[in-house]
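Trainee: This structure is in C-alpha coordinates; I'll ask about it shortly.
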Amino acid sequence: MAFSVEYRTSALRLCLVLLFAFPAPAIITGAAVVYRVGDSAGWTTIGNVDYKLWAATKTFQVGDIIRFEYNPQFHKVMQVTHRHYRSCNTTHPIATHTSGNDSISIASHSHHFFLCGVPGHCQSGQKVDINVLHNNSPLPKTPSLAPPPLTTTPTPSGANHMLSGFEEMVLRIGLLSFAFLYFY
Ligand SMILES: [Cu+2]
(Lines give C-alpha, C1' and ligand atoms only; values in the text may rest on other atoms or scores of the structure.)
Protein backbone atom coordinates (compact mmCIF):
# COMPACT_ATOMS: atom_id res chain seq x y z
CA MET A 1 0.00 0.00 0.00
CA ALA A 2 1.24 3.45 -0.87
CA PHE A 3 0.52 4.91 2.54
CA SER A 4 2.43 2.17 4.30
CA VAL A 5 5.48 2.56 2.10
CA GLU A 6 5.46 6.29 2.58
CA TYR A 7 5.16 5.88 6.34
CA ARG A 8 8.06 3.50 6.42
CA THR A 9 10.25 5.77 4.33
CA SER A 10 9.66 8.78 6.52
CA ALA A 11 10.13 6.73 9.67
CA LEU A 12 13.45 5.45 8.39
CA ARG A 13 14.49 8.95 7.45
CA LEU A 14 13.67 10.13 10.95
CA CYS A 15 15.77 7.35 12.44
CA LEU A 16 18.73 8.27 10.28
CA VAL A 17 18.44 11.92 11.27
CA LEU A 18 18.24 11.06 14.96
CA LEU A 19 21.21 8.72 14.75
CA PHE A 20 23.56 11.09 13.03
CA ALA A 21 22.38 14.50 14.20
CA PHE A 22 23.51 14.13 17.80
CA PRO A 23 27.19 14.42 18.72
CA ALA A 24 28.57 11.10 19.85
CA PRO A 25 30.10 12.20 23.21
CA ALA A 26 26.66 13.18 24.46
CA ILE A 27 25.31 9.68 24.15
CA ILE A 28 28.39 7.58 24.84
CA THR A 29 29.55 7.14 28.41
CA GLY A 30 33.20 6.56 29.13
CA ALA A 31 34.54 8.80 26.36
CA ALA A 32 37.78 10.52 27.34
CA VAL A 33 37.43 14.14 28.38
CA VAL A 34 40.19 16.74 28.15
CA TYR A 35 40.45 19.03 31.17
CA ARG A 36 42.50 22.20 30.89
CA VAL A 37 43.94 22.86 34.33
CA GLY A 38 42.77 26.26 35.58
CA ASP A 39 40.39 26.60 32.63
CA SER A 40 41.08 29.88 30.79
CA ALA A 41 43.73 30.95 33.32
CA GLY A 42 45.85 27.90 32.61
CA TRP A 43 48.80 26.83 34.79
CA THR A 44 50.01 30.01 36.47
CA THR A 45 50.71 31.94 39.64
CA ILE A 46 48.96 35.03 38.30
CA GLY A 47 45.55 35.76 39.74
CA ASN A 48 45.82 33.24 42.57
CA VAL A 49 43.89 30.54 40.73
CA ASP A 50 42.32 28.16 43.23
CA TYR A 51 43.33 24.81 41.73
CA LYS A 52 41.78 22.98 44.64
CA LEU A 53 38.44 24.55 43.82
CA TRP A 54 38.99 23.93 40.11
CA ALA A 55 39.57 20.21 40.72
CA ALA A 56 36.64 19.99 43.11
CA THR A 57 34.22 20.96 40.36
CA LYS A 58 35.35 18.10 38.10
CA THR A 59 34.57 14.41 38.09
CA PHE A 60 37.73 12.84 36.72
CA GLN A 61 37.66 9.37 35.28
CA VAL A 62 40.32 6.95 34.13
CA GLY A 63 41.18 7.76 30.51
CA ASP A 64 40.61 11.49 30.86
CA ILE A 65 43.33 13.90 29.74
CA ILE A 66 44.69 16.58 32.08
CA ARG A 67 46.22 19.40 30.07
CA PHE A 68 48.63 21.93 31.54
CA GLU A 69 49.04 25.09 29.45
CA TYR A 70 51.66 27.62 30.50
CA ASN A 71 54.71 29.60 29.43
CA PRO A 72 57.60 27.13 29.82
CA GLN A 73 59.95 30.01 30.59
CA PHE A 74 58.15 30.58 33.86
CA HIS A 75 56.59 27.29 34.89
CA LYS A 76 56.82 23.55 34.68
CA VAL A 77 54.81 20.54 35.75
CA MET A 78 55.98 17.89 38.17
CA GLN A 79 54.03 14.86 39.25
CA VAL A 80 54.94 14.05 42.84
CA THR A 81 53.95 11.84 45.75
CA HIS A 82 51.32 12.92 48.26
CA ARG A 83 54.00 13.66 50.85
CA HIS A 84 55.97 15.83 48.46
CA TYR A 85 52.80 17.49 47.25
CA ARG A 86 51.96 18.55 50.78
CA SER A 87 55.43 19.88 51.49
CA CYS A 88 56.00 21.31 47.99
CA ASN A 89 59.10 19.16 47.65
CA THR A 90 60.44 19.24 44.07
CA THR A 91 63.54 17.12 44.57
CA HIS A 92 62.10 13.71 43.65
CA PRO A 93 59.41 14.12 41.02
CA ILE A 94 57.73 11.03 39.60
CA ALA A 95 57.62 12.81 36.24
CA THR A 96 58.51 16.26 34.91
CA HIS A 97 56.88 18.05 32.00
CA THR A 98 58.25 21.25 30.49
CA SER A 99 56.68 21.72 27.05
CA GLY A 100 54.17 24.38 28.09
CA ASN A 101 51.38 22.27 26.64
CA ASP A 102 51.46 18.98 28.48
CA SER A 103 48.66 16.48 28.09
CA ILE A 104 48.72 13.81 30.75
CA SER A 105 46.47 10.79 30.48
CA ILE A 106 44.98 9.59 33.73
CA ALA A 107 45.66 5.88 33.73
CA SER A 108 44.48 4.84 37.18
CA HIS A 109 42.12 5.55 40.04
CA SER A 110 43.19 7.43 43.18
CA HIS A 111 45.04 10.73 43.52
CA HIS A 112 47.47 12.24 41.04
CA PHE A 113 49.48 15.10 42.50
CA PHE A 114 51.01 17.85 40.38
CA LEU A 115 52.88 21.01 41.27
CA CYS A 116 54.97 23.67 39.57
CA GLY A 117 58.66 22.90 39.93
CA VAL A 118 59.77 26.54 39.85
CA PRO A 119 60.90 27.64 43.34
CA GLY A 120 58.16 29.33 45.33
CA HIS A 121 55.32 28.59 42.94
CA CYS A 122 53.96 25.53 44.69
CA GLN A 123 54.08 27.39 48.01
CA SER A 124 51.99 30.15 46.48
CA GLY A 125 49.33 27.66 45.43
CA GLN A 126 50.38 26.34 42.03
CA LYS A 127 49.56 22.72 42.81
CA VAL A 128 46.68 20.47 41.95
CA ASP A 129 45.34 17.15 43.16
CA ILE A 130 43.56 15.16 40.47
CA ASN A 131 41.39 12.72 42.38
CA VAL A 132 39.93 9.89 40.31
CA LEU A 133 37.32 8.21 42.46
CA HIS A 134 36.74 4.47 42.44
CA ASN A 135 32.98 4.71 42.68
CA ASN A 136 32.36 7.01 39.74
CA SER A 137 28.94 6.38 38.33
CA PRO A 138 28.82 6.13 34.54
CA LEU A 139 26.94 9.42 34.20
CA PRO A 140 28.51 11.90 36.62
CA LYS A 141 29.10 14.75 34.18
CA THR A 142 25.87 16.65 34.56
CA PRO A 143 26.06 20.22 33.24
CA SER A 144 24.46 21.63 36.41
CA LEU A 145 27.28 20.36 38.62
CA ALA A 146 30.31 21.07 36.47
CA PRO A 147 31.10 23.52 33.69
CA PRO A 148 31.58 21.83 30.33
CA PRO A 149 35.12 20.63 29.68
CA LEU A 150 37.27 22.66 27.32
CA THR A 151 37.05 20.14 24.57
CA THR A 152 35.86 16.65 23.89
CA THR A 153 37.37 16.51 20.44
CA PRO A 154 39.21 13.23 20.05
CA THR A 155 42.67 13.25 18.56
CA PRO A 156 43.79 10.52 16.17
CA SER A 157 46.40 9.21 18.61
CA GLY A 158 45.58 7.30 21.77
CA ALA A 159 43.90 3.98 22.37
CA ASN A 160 41.06 5.53 24.36
CA HIS A 161 40.04 7.74 21.50
CA MET A 162 40.21 4.94 18.97
CA LEU A 163 38.12 2.77 21.26
CA SER A 164 35.56 5.53 21.59
CA GLY A 165 35.33 5.83 17.83
CA PHE A 166 34.83 2.10 17.53
CA GLU A 167 32.23 2.11 20.29
CA GLU A 168 30.46 4.94 18.57
CA MET A 169 30.32 2.98 15.34
CA VAL A 170 29.02 -0.13 17.09
CA LEU A 171 26.40 1.89 18.93
CA ARG A 172 25.17 3.55 15.77
CA ILE A 173 24.96 0.28 13.88
CA GLY A 174 23.08 -1.21 16.83
CA LEU A 175 20.61 1.66 16.96
CA LEU A 176 20.11 1.51 13.21
CA SER A 177 19.37 -2.21 13.43
CA PHE A 178 16.93 -1.58 16.23
CA ALA A 179 15.21 1.09 14.16
CA PHE A 180 14.87 -1.30 11.24
CA LEU A 181 13.43 -4.06 13.42
CA TYR A 182 11.03 -1.66 15.05
CA PHE A 183 9.59 -0.15 11.89
CA TYR A 184 9.59 -3.21 9.61
CU1 LIG B 1 55.10 28.00 38.18
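Trainee: Any chance the stretch 135-150 includes a residue that's at pLDDT 55 or above and among the small types (Gly, Ala, Ser)?
Mentor: No, the stretch 135-150 has no match at all.
Trainee: Go through the stretch 45-54 and count every residue that is under 26 Å from HIS134 (Cβ atoms) and surrounded by 19 or more Cβ atoms within 10 Å (Cβ to Cβ).
Mentor: Of the residues in that region, 1 qualify.
Trainee: Which condition from (1) surrounded by fewer than 20 Cβ atoms within 10 Å (Cβ to Cβ); (2) under 19 Å from GLN123 (Cα atoms); (3) touching a helix residue (DSSP H, G or I) at 6+ places or on another chain (Cβ under 7 Å) is the one that GLY63 breaks?
Mentor: So the condition that GLY63 fails would be (2).
Trainee: Determine if the stretch 77-88 includes at least one residue that is surrounded by 12 or more Cβ atoms within 10 Å (Cβ to Cβ), of a type in the set (Val, Ile, Thr), within 16 Å of the ligand (Cβ to nearest atom) and in a loop (DSSP other than H, G, I, E, B).
Mentor: No: zero hits.
Trainee: Out of the stretch 104-127, which residues are surrounded by fewer than 16 Cβ atoms within 10 Å (Cβ to Cβ) and more than 13 Å from the ligand (Cβ to nearest atom)?
Mentor: If the condition is that a residue be surrounded by fewer than 16 Cβ atoms within 10 Å (Cβ to Cβ) and more than 13 Å from the ligand (Cβ to nearest atom), then SER105, ALA107, SER108, HIS109, SER110, HIS111 are the ones that fit.
The rows are residues; the columns are (1) modelled with pLDDT of 95 or more; (2) among the β-branched types (Val, Ile, Thr); (3) not assigned by TED's automatic domain parsing to the domain that holds ILE130.
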{"site": "ALA2", "(1), (2), (3)": "no, no, yes"}
{"site": "CYS15", "(1), (2), (3)": "no, no, yes"}
{"site": "GLY38", "(1), (2), (3)": "yes, no, no"}
{"site": "TRP43", "(1), (2), (3)": "yes, no, no"}
{"site": "VAL49", "(1), (2), (3)": "yes, yes, no"}
{"site": "ILE66", "(1), (2), (3)": "yes, yes, no"}
{"site": "THR81", "(1), (2), (3)": "yes, yes, no"}
{"site": "ASN89", "(1), (2), (3)": "yes, no, no"}
{"site": "ASP102", "(1), (2), (3)": "yes, no, no"}
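Trainee: Among what's in the stretch 38-68 and is in contact (Cβ under 8 Å) with a residue 12 or more places away in the chain and within 12 Å of the ligand (Cβ to nearest atom), pick the residue that is nearest to HIS97 (Cα to Cα).
Mentor: Applying the filter and picking the extreme gives PHE68.
The values are calculated or read from the model by the stated rules, or taken from the named source; none is laboratory data. What you see is a predicted model, and the numbers here were worked out from it, not measured in a lab. Neighbour counts run over all protein chains shown; Cβ positions are idealised from the backbone, glycine included.
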